[in-house]
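To keep things clear, I will list the structure first and then write my remarks on it.
The values are calculated or read from the model by the stated rules, or taken from the named source; none is laboratory data. Please read all numbers here as calculations on a predicted model, not as lab measurements. Quick reminder, even Gly has a Cβ in these numbers, built from the backbone with ideal geometry, and neighbours come from all protein chains shown. For accessibility, only protein heavy atoms count, side chains too; no ligands or nucleic acids. Shrake-Rupley method; radii C 1.70, N 1.55, O 1.52, S 1.80 Å.
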Amino acid sequence: MLQVSYIRQNKEQVISGLQKKNFKDLTVIDQIIEADDLRKDWQRKLDDYLAESNKLAKEIGQLFKEGKTQEANDKKARTAELKELSREANDQVNATQEQLNLLLFKVPNLPHSSVPTGHSAEDNEVVKEWGQMPQLPADAVPHWELTEKYDIIDFKLGNKITGAGFPVYKGQGARLQRALINFFLDQAVAQGFNEIQPPLMVNEDSGFGTGQLPDKEGQMYYVNEDKLYLIPTAEVPITNIFRDVIVNAKDFPIKNTAYSQCFRREAGSYGKDVRGLNRLHQFDKVEIVVIESPEKSYEQLETMSLYVQSLLQKLELPYRVLRLCGGDMSFTSALTYDMEVYSAAQQRWLEVSSVSNFESFQANRLKLRYKDENGKTQLAHTLNGSALALPRIVASLLENNQTDKGIRIPKALVPYTGFEYIQ
RNA sequence: GGAGAGGUGCUCGAGUGGUUGAAGAGGCACGCCUGGAAAGUGUGUAUAUGUCAAAAGCGUAUCGAGGGUUCGAAUCCCUCUCUCUCCGCCA
């Protein structure tokens, strides 16, 4: 969430930024400023009442000590009055604060200046393409047929046990999953990321801290009995490690990585986009999360983007990098690169990673701060990215590498799978 | 799930109604001392918010969270929450 002080001081920039993000309800900005004025008024009143009250309390105490009971009791009349006034003011402070928060939650992060204008995925800017488009044999088939042919991922069995979107990985399919997870984690650790194993369920505060709540509540599975949410990404627990934390500027960049299974309800998505591995309710992902100083966060974003690309290169997957346009970016992001691999049999690009700089938008909610050289506490910048999400990587590995000898495993992965072909 | 104990600052740890934002110790930072270091010694060491151009200063809030009693609460009462111990259950 944006800081009110920033909105107040940079109103014009905020408005033009929101326009770029196709945010329609621009009147909310003035509403925020009004609500903040109102809140301040009440806060000031409350503080004054309390100040007077505190002063009187001390005086009364003193008078009692000196035995001047009558005088003391006289002053009590005013404190009773003040109590009533401050109770009222306090209610108003709470109400106005809540009102202000509701308004602030509506406002998305502002886009970085390099973000292209645009409304949809078509307006995203392709900043890079890498690799050769695979030449597939005439009888090439999409991955959902290959998984069945080699009996490595069983969607029907998942349906039976759980439901759609919960596939069962078997034999070489299961080993391929394990190989990818280990490969990604080893790469991240070699890159200086600290490996974490987070909880797969989080509480409400955490969901709120990273912005899944209150808006995207319906996207997460919820365990009513214990009021816990299944994580949609390891970003949630990992970033929340730093909720209410003041870090040391010397420790920047703070780099963490985690493998986790991710759970997403994906309510309302159906059709060919969700066929096979394209969209699942439960999937595996290795996530990288970085906390960085505002000065270096964009440099860090490029580093992270290159790192993610290096993974795709090692897996020999043709990919492209998109700079998302204002209309296609997430609510919380200031700049996002999407990495898409080409899935040859489906003949389409599949998003396998999304690397974003949130600047201080998340940090403001999290209250994640650092002390700068002057000893002043400031909001840190947070960034994260998938490195990588497995299902679509598997989909394109299967499709792109299908041969008459079976499915070829990229060289870098063979030490992890222990086999060169899925047969 | 049953019974009990407890949550105080970066950490440990005092504190059962009144100048306690909080003793003391440790840690950390800076200074002195030293050839350098250790030891010693001195000073400092929360966050948020308001006022302010800004800083200083000052006001307000914060001793798990929320509410209550009281002129006044870290201290008393209620609710919630978390942790620990014992029993039960269990990978």
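Just a few scattered comments:
- The alpha-carbon atoms of chain A define a convex hull whose volume equals 176 cubic angstrom per residue.
- Note on the range A:275-423: Cα-Cα pairs beyond 24 Å make up 41% of the total pair count.
- Mean Cβ neighbour count within 10 Å, used as a protection proxy, ranking A:299-307, A:233-241 highest first: A:233-241, A:299-307
- Rounded to the nearest 20, the Cβ-based charge dipole of the range A:121-422 about its Cα centre (Lys and Arg +1, Asp and Glu -1) stands at 520 debye.
- Scattering from the range A:43-90 was approximated by placing one identical point on each alpha carbon and applying the Debye formula without solvent; log10 I(q)/I(0) at 0.14, 0.15, 0.17, 0.33 1/Å stands at -0.34, -0.39, -0.48, -1.12.
- Extension gain from A:A412 to A:Y6, taking 0.36 nm per residue of separation minus the Cα-Cα distance: 141.4 nm
- A Stokes-Einstein calculation at 10 °C with viscosity 1.306 mPa s, built on the Kirkwood radius of the range A:63-160 over Cα pairs, returns a diffusion coefficient of 69 µm²/s.
- Taking the charge dipole of chain A about its Cα centre, with +1 at Lys and Arg Cβ atoms and -1 at Asp and Glu Cβ atoms, the residue from A:V28, A:F242, A:N384 reaching farthest to the positive side is A:F242.
- For A:N384, distant residues with modelled amide H under 5 Å away: A:V290, A:S356, A:F358
- Ranking A:G118, A:V414, A:G276 by how far each Cα lies toward the positive end of the dipole of chain A (charges on Cβ) leaves A:V414 at the top.
- Pairs exceeding 26 Å between alpha-carbon atoms, taken from A:K24/A:K128; A:K40/A:K83; A:K216/A:K367: A:K24/A:K128.
- Peptides A:70-81, A:358-369, A:162-173 ranked from most to least packed, by the mean per-residue count of other Cβ atoms within 10 Å: A:358-369, A:162-173, A:70-81.
- In the range A:148-226 the Cα-Cα distances spread across 10 Å bins starting at 0 as 15, 25, 34, 25, 1 percent of all pairs.
- Heavy-atom accessible surface of chain A: percent carbon and sulfur, 1.4 Å: 47 percent
- Residue order for A:I196, A:I32 - accessible surface, 1.4 angstrom probe, largest first: A:I196, A:I32
- Solvent-accessible surface of chain A, taken per residue with a 1.4 Å probe and all protein chains present: 49 Å².
- Taking all protein chains together and rolling a 1.4 Å probe, A:D47 ends up with roughly 80 Å² accessible.
- Its convex hull of Cα atoms gives the range A:4-106 a direction-averaged projected area, equal to a quarter of the hull surface, of 7.5 nm².
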